[in-house]
Amino acid sequence: MHPRLWLVTSTLAALLGMALLEDGVCRAPDGKDGFPGAPGLDGRPGQKGDTGEPGRSTQRTGIQGPKGDAGEPGPPGIPGNRGYHGLPGPPGLAGQPGPKGHKGKAGNVLEQPRPAFSASRRSPPSRGSTVVFDNIITNQESSYSPQTGEFTCSIPGIYYFSYQVISSGDLCLSITKNREKVVSFCDSNSRQMLQVNSGSSVLSLEQGDRVSLSTDPARGSMIYSGSEADSVFSGFMLYSLVG
């Protein structure tokens, strides 16, 4: 017999003998795997699984995309707290002049108070350096006092004052406002003859100002007192400064 054929026959006999020995049943050898069958139908969906653990955050490495379009404006917010006052601005330009007013009614000069006085010396009281003219000639508005020798302003305005005083020696006189000298005049009379010392001034007075005539004893105060000549002090308002 051919050796190869013998080997195949022996092998086949051995396999058959082993098959007969298992369970006393005669079995053929297993065949080759068949072809895969067709895929079966999908099974039913399973139950929902449990929530998984959150993922770990990682550093963003992507490139930033372009800016998107502006969204719609939102609703107005709640008003904020009131801020501090700012600094005042510069003054504005002057406005146009207003219309001319209506012409007023004509005033009556005679109805306006016009302080005026004139007084001479007769037997005046002694008032220190103030020269008192005790004999009233005129005294409108009772502005001059023959007891003190002072004129008291009751209406603010511009006033005129003058004096003519008879001297029998050296004499220096001053028109004073509130006891302060405004103007002074001096005459030298070495012959001891009667002569006139005169002076005047225009003063701006406020209500309550006092005007008088005063002497300067250190420089001469020889005022004549007699019936041969009179010494006179006068004053009146030129115009009022009211209104």
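Counted residue by residue at 0.36 nm each, then reduced by the alpha carbon distance between them, the extension gain from R210 to Q164 reaches 14.6 nm. Using a probe of 1.4 angstrom, how much of the accessible area of segment 86-223 is carbon and sulfur, in percent? Here it works out to 50 percent. Across segment 95-243, the convex hull enclosing all Cα atoms gives 136 Å³ per residue.
The calculated pair-distance distribution of segment 101-165 uses every alpha carbon pair, bins of 5 angstrom beginning at 0, and gives 3, 14, 23, 20, 14, 9, 6, 4, 3, 3, 1, 0 percent. At a probe radius of 1.4 angstrom, the accessible area of segment 114-159 per residue rounds to 44 square angstrom.
The values are calculated or read from the model by the stated rules, or taken from the named source; none is laboratory data. Here the structure is a predicted model, which means the values were calculated and not measured. To get the accessible areas, we keep the full protein, side chains included, count just its heavy atoms, and leave off ligands, DNA and RNA. Shrake-Rupley method; radii C 1.70, N 1.55, O 1.52, S 1.80 Å.
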